[in-house]
């Protein structure tokens, strides 16, 4: 009788281990995946440098590839030369203005002398030592000098306005050229391919020495420090889960045992998958499957595509 009890107990232990190994004791199952980023070239040209390998761990914002930028640099220099030629077309109004200002200075000195002589002549007339004609001559000379000064001052304003308008017209052509330089410089900057995220290189699509094009993939990278288990639950289990819920994740260790991890539910699908019919009966609704995602901290043993199971705590 005791022997029979021992045999039953051993058989029960084997059956329980078998159920755990086959996943029957878990609440849901699925496969591990990661958010993969395909890094592409933004400019075309020859790849001068690309020192990465599949499996390499890259830091964020690190330089991973260099594309030939010689043609872009030449285009930029050509536009810069065009801008330099525009500056040579502009006129410098300062020498002409300086000449007119010097003339005005001389005329003002002459005007002051003429005004002095006029006043002196007026005093002489009162003493009957000068004639009215001499006074008229000084008045005429003062009038001429005042008009000459006014004309020269007007010429300065006209010259400055005309030259400024001409220069503005010429320099207005430099605005689109500056935009072109900025655009080309942006393209030059993009010849240095910068890694967007920290992660592991999964696939390398290009090699140094090859010709790439805008939008052509260079490599694929993913952050494997946090890996995602995409599992599926039934409609009956949907009411048992919620966002940010902690669950136990099981991953096969290659033997009959499982590695256990702590996971957090980060996403629950709002629609069922694998729906057989448009309208379901009450019994058939139990066959509906909903996808969920669980984030798991990876210790290095979890791989993309590996099978995993979960238990609700």
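Just so it is clear, none of the values below were taken in a lab; they were calculated from the coordinates. Since this is a predicted model, take the numbers as computed values, not measurements. All Cβ positions, glycine included, derive from the backbone under ideal geometry; neighbour counts span all protein chains shown.
Here the gap between residue 179 and residue 85, fully extended at 0.36 nm per residue and compared with their Cα-Cα distance, gives a gain of 32.2 nm. FRET efficiency for the pair residue 230 and residue 208, taken as 1/(1 + (r/R0)^6) with r the Cβ-Cβ distance and R0 = 30 Å, rounds to 0.25. The mean sequence distance of close C-alpha pairs (under 8 Å, at least 6 residues apart), as a share of the length of the chain, puts its relative contact order at 31 percent.
Helix 132-172 and the long axis of the chain differ in direction by around 20°, with both axes built from C-alpha atoms.
At a Förster radius of 25 Å, what calculated FRET efficiency corresponds to the Cβ-Cβ distance of residue 59 and residue 257, to the nearest 0.05? My answer for the efficiency is 0.10.
Computed from Cα positions, the angle between helix 2-21 and the longest principal axis of the chain comes to roughly 20 degrees. As a calculated quantity, the FRET efficiency between residue 186 and residue 166 at R0 = 35 Å, using C-beta atoms, amounts to about 0.60. Converting the Cα gyration tensor eigenvalues of the chain into ellipsoid dimensions via √(5λ) gives semi-axes, longest first, of 96, 25, 17 Å.
The stretch between residue 36 and residue 301, if pulled fully straight at 0.36 nm per residue, gains 93.6 nm over its current Cα-Cα span. When 178, 230 are arranged by Cβ crowding within 10 Å, least crowded first, meaning fewest neighbours, the order is 178, 230.
Working from Cα positions, state the angle (0 to 90°, nearest 10) between the long axis of helix 94-126 and the longest principal axis of the chain. Rounded to the nearest ten degrees, it is 30.
By other beta-carbon atoms within 10 Å, ranking 70, 41, 180 with the fewest at the front produces 70, 180, 41. Where the eigenvalues come from the Cα gyration tensor of the range 76-184, what are the semi-axes √(5λ) of the equivalent ellipsoid, largest first, in whole Å? Semi-axes (√(5λ), whole Å): 55, 10, 7.
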